[in-house]
Amino acid sequence: MLSEEIKSHPDVAAILAANPEYLVDGKIDRGETTLVVPAEHIVAVAQLLKSKQEYVRLSTVTGVDWAPAEPRFEVVYHLHSLSRNVRLRVKCRLPGANAEIDSLTGVWRSANWYERETFDLFGVRFRNHPDLTRIMMPEDWQGYPLRKDYPVTGTRV
Amino acid sequence: MATREIIDDTLVVEGESDPDLVRPKRMTLNMGPQHPSTHGVLRLQLELDGETITWAKPDIGYLHTGIEKEFEAKTYHQGVTLTDRIDYLAPLSNNLCFALAVEKLMQIEIPEHAQWARVMLAELTRLNSHLVWLGTHAIDIGAMSVFLYCFREREEILRIFEMCSGQRMMTSYIRPGGLALALPRGWQNRVKKFIDVFPSRIDEYEDLLTNNKIWIGRTKGVGYISVEDMLDLGITGPMLRAAGVDYDARKQFPYSSYEKFDFKVPTRKENDVYARYLCRLEEMRQSARIIKQVVAGIPPGRHQADVPNMTLPDREKMKTQMEALIYHFKIVTEGYRVPAGEVYQVIESPRGEVGYYIVSDGTAKPYRCHVRGPSFGNLQAVPKLIEGTLIADVIAAIGSMDFVLGDCDR
């Protein structure tokens, strides 16, 4: 359920006006706005935020692993609007079994490397990504280092 | 006489039956990861048509050390040391961003004295980083002597860091809750002596380069990339400002009392390597202005917030007061708990936008700490920057980005 405080946020109003199903949750905490979008709608919401709400910059994309909780993964997008001078955090929750989400490279080209990094370190797959390969780890690396079940220390077998 | 012509992608020498002389027209060239002029382990795959680059692909990750994973295994107190090691030219900027993020999570205010000291240190870091950039960038393009002058001034900055923290580079001086130690006795004189001379030293660099014909020839009109591409590809910092976008987190999202200082954000319109050079030089002058304001008007006060369970107590108190000793023991052995929540703190580092995304689950260790390094965002634009240009311009173009591979790979 969305609180009254979050409903009065201009970005939230714009998203809800387009389609009420685009938002499942949202909060304003420590002066920062976080919106939770269903994974299947992320491209539509991103396009709307870029064209209507002037979020021209995608600052970063990353993931959070909440294992053993379900949905296990969160993909976190940080947006920045130069003209409105505001920032926004958009999140999608993904299941642990088959973590897949549409790529945002068609909306912001900067998503390319950030999504590759998230894929490399969390194993989240981005559909329609032009070059979804490992970026930090060697190409033949097994496992996804930033997952919580991946040990911090140890030798490569 | 055999005639040579190019059919499709193959160079054909007519009347020549030797298959070795039939070669593809395009050549693939591997630049790095140990190329001496790339400053770090960046590998560039280039496809050349003659001397023109038709395709480029940067390959990164050679310096990936899993810093984000390591954050999760260390307490917030220990994590400060990791932030030093992300960007070896701007350790204090990373210290500052991490400290601000943790303070935002804990919702504590730190004394003005410490905030102003942080501003001074962050600006000295900017000078330090820009000096190394200028020196190495000039060497790349063939101006050897600038490097020596830049490192002369940089040495003085490193000595100031050493005076404050005991370390020249891995300072860990800005910590959540304030500074590690109070500013040392006599810091004002030391900084003032340096900063009074520094603007004339910038004039010296300008004498060597700004009207130098070779410098202008190598940098003017080189490395153009449109503003739309820059924003779309995630470029920040002086590169963006040299294209006319006046985005600077110090002005747009003021932190650590930057709003109280009088300084300008220099921008240029030309959007080439030369404009980025002029932009960074002007930034150095503005940083010097800020540092002067700090030295002249720093408010008196403590170097740490009054949060005894988070900031390490003074040495003297530890020897005489039981509570101080207990707090010290607890901070060092278990760390301090940070309330659950998440923040994304952004600051303006010498290279552009640094962002720390910290997720806390209420324990003494970050649940997740993501670092948005400016070099990562900037390097993504390398293909756009150099495709279609000459190979001789690659070094000038990527040098103007001022990236640090440690910051990119983390």
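With viscosity 0.890 mPa s and temperature 25 °C, the Kirkwood radius over alpha carbon pairs of the stretch A:4-127 converts through Stokes-Einstein to a diffusion coefficient of 168 µm²/s.
Could you tell me the distance between the Cα centroids of the stretch B:176-190 and the stretch B:371-389, to the nearest Å? Here the two parts' Cα centres lie 37 Å apart. Report, in deg cm²/dmol and to the nearest 500, the calculated mean residue ellipticity at 222 nm for chain B, where each DSSP H run with n ≥ 4 adds -39500 (n - 2.57) and the sum is divided by the residue count. So the helix-based figure for chain B works out to -14500 deg cm²/dmol. Treating r as the C-beta distance of B:Thr28 and A:Arg125 and R0 as 30 Å, the FRET efficiency rounds to 0.55.
For A:Ile135, the residues whose amide H sits under 5 Å from its own are A:Asp120, ignoring neighbours fewer than 5 places away on the same chain, with H placed 1.01 Å from N. The label point for B:Glu228 and the one for A:Asn85, both projected 7 Å from the Cα toward the Cβ, are 2.7 nm apart. Listed values for the stretch B:281-287 are Karplus-derived 3J(HN,Hα) couplings in whole Hz (6.51 cos²θ - 1.76 cosθ + 1.60, θ = phi - 60°), namely 5, 5, 4, 5, 5, 5, 4, and x replaces Gly and Pro. Full extension of the chain segment joining B:Met169 with B:Glu387 gains 74.9 nm, where the gain is 0.36 nm per residue of separation less the Cα-Cα distance. As a calculated quantity, the FRET efficiency between A:Ser8 and B:Leu148 at R0 = 60 Å, using C-beta atoms, amounts to about 0.50.
Of the trypsin sites (Lys or Arg not before Pro) found in the stretch B:362-395, not one falls in a DSSP loop while having at most 15 other beta-carbon atoms within 10 Å.
Among the trypsin sites (Lys or Arg not before Pro) in the stretch B:228-326, those located in a DSSP loop and surrounded by at most 12 other Cβ atoms within 10 Å of their own Cβ are B:Lys269.
Relative to its Kirkwood radius, the Cα radius of gyration of chain B gives an Rg/Rh of 1.05.
Write down, largest first, the equivalent ellipsoid semi-axes of the protein assembly as shown in whole Å, where each equals the square root of 5 times an eigenvalue of the alpha-carbon gyration tensor.
Semi-axes from the Cα gyration tensor: 39, 33, 22 Å.
Placing dummy labels 7 Å off each Cα toward the beta-carbon, the span from A:Ala67 to A:Tyr150 is 1.0 nm. Phi angles across the stretch B:115-128 convert, under the Karplus curve 6.51 cos²θ - 1.76 cosθ + 1.60 with θ = phi - 60°, into 3J(HN,Hα) values of 4, 5, 4, 5, 4, 4, 5, 5, 6, 4, 4, 4, 4, 4 Hz, Gly and Pro given as x. Under a 5 Å amide H cut-off, with hydrogens placed 1.01 Å from N, B:Thr54 pairs with B:Glu47, B:Leu48, B:Asp49, B:Gly388 among residues at least 5 apart or on other chains. Please say if the stretch B:41-147 is rounded, prolate or oblate, where rounded means a/c under 1.5 for a ≥ b ≥ c the square roots of the C-alpha gyration tensor eigenvalues, and otherwise the choice is prolate for a/b larger than b/c and oblate otherwise? It comes out oblate by the Cα gyration axes.
Taking the Cα centre of the stretch A:4-127 as origin and assigning +1 to Lys and Arg Cβ atoms and -1 to Asp and Glu Cβ atoms, the resulting dipole is close to 400 debye.
Note on B:Glu112/B:Leu181: beta-carbon distance plugged into 1/(1 + (r/R0)^6) with R0 of 22 Å gives a FRET efficiency of 0.80. The string of couplings for the stretch A:15-25 from the Karplus curve (6.51, -1.76, 1.60, θ = phi - 60°) is 5, 5, 5, 6, 6, x, 7, 6, 10, 10, 7 Hz, one whole number per residue in order, with x for Gly and Pro.
For chain A, the 222 nm mean residue ellipticity estimated from helices alone, with every DSSP H stretch of n ≥ 4 adding -39500 (n - 2.57) and the total spread over all residues, rounds to -6000 deg cm²/dmol. Working from label points 7 Å from Cα in the Cα-to-Cβ sense, the A:Arg134 to B:Thr320 distance is 5.8 nm. Straight-line cross-link reach from B:Lys384 at under 15 Å between alpha-carbon atoms covers these aspartates and glutamates, not counting any fewer than eight positions away in the same chain: B:Glu47, B:Asp59, B:Glu228, B:Asp229, B:Asp232, B:Asp272, B:Asp393.
Read-outs: derived from the displayed coordinates by stated rules, not from any lab. Fair warning: this is a prediction, and the values are worked out from it, not measured in the lab. All Cβ positions, even for glycine, are placed from backbone atoms using ideal geometry, and neighbour counts span all protein chains on display.
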